[in-house]
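Visitor: Got a structure here, written out as structure tokens. Questions coming.
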């Protein structure tokens, strides 16, 4: 088992790691729209926050030696399901291989953000 950690994505804000690689699979913790350079949530819209989440995911994938094309499954959490269309508009630009996905609305997310995404990916 290998622990993945990169300063290009937000540091874990609890007792967990950014990701683990086990038997060629990357199991990534959920990413929220924290800008790793500032430690803050800079974006206020669902589109801006989704872009930051995806940038954080890209950093974790890169550190693990993987890419968006190798993402097998995503689990997406939205603070408001009414944001689904706008969220999906950003999501589909990056997850072009169309991984399996669950997308649900939840009552609250850490730091009162609008979106969180976790991924499973193959590491080649």
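The values are calculated or read from the model by the stated rules, or taken from the named source; none is laboratory data. Not measured: the values here are computed from a predicted model. Every residue, glycine as well, gets a Cβ built from its backbone with ideal geometry; the counts of neighbours run over all protein chains shown.
Visitor: Being modelled with pLDDT of 95 or more and within 12 Å of the chain's Cα centre (by Cα) narrows it down to one of 81, 32, so name that one.
Guide: 32
Visitor: If you take just the strands (runs of 3 or more DSSP E) that sit entirely in segment 8-88, which of them hold at least 1 residues that are surrounded by fewer than 15 Cβ atoms within 10 Å (Cβ to Cβ), in contact (Cβ under 8 Å) with a residue 12 or more places away in the chain and touching a strand residue (DSSP E or B) at 6+ places or on another chain (Cβ under 6 Å)?
Guide: Output list reads 71-78.
Visitor: So, in segment 89-119, how many residues would count as being part of a helix (DSSP H, G or I) and surrounded by fewer than 15 Cβ atoms within 10 Å (Cβ to Cβ)?
Guide: Adding up the residues that qualify gives 6.
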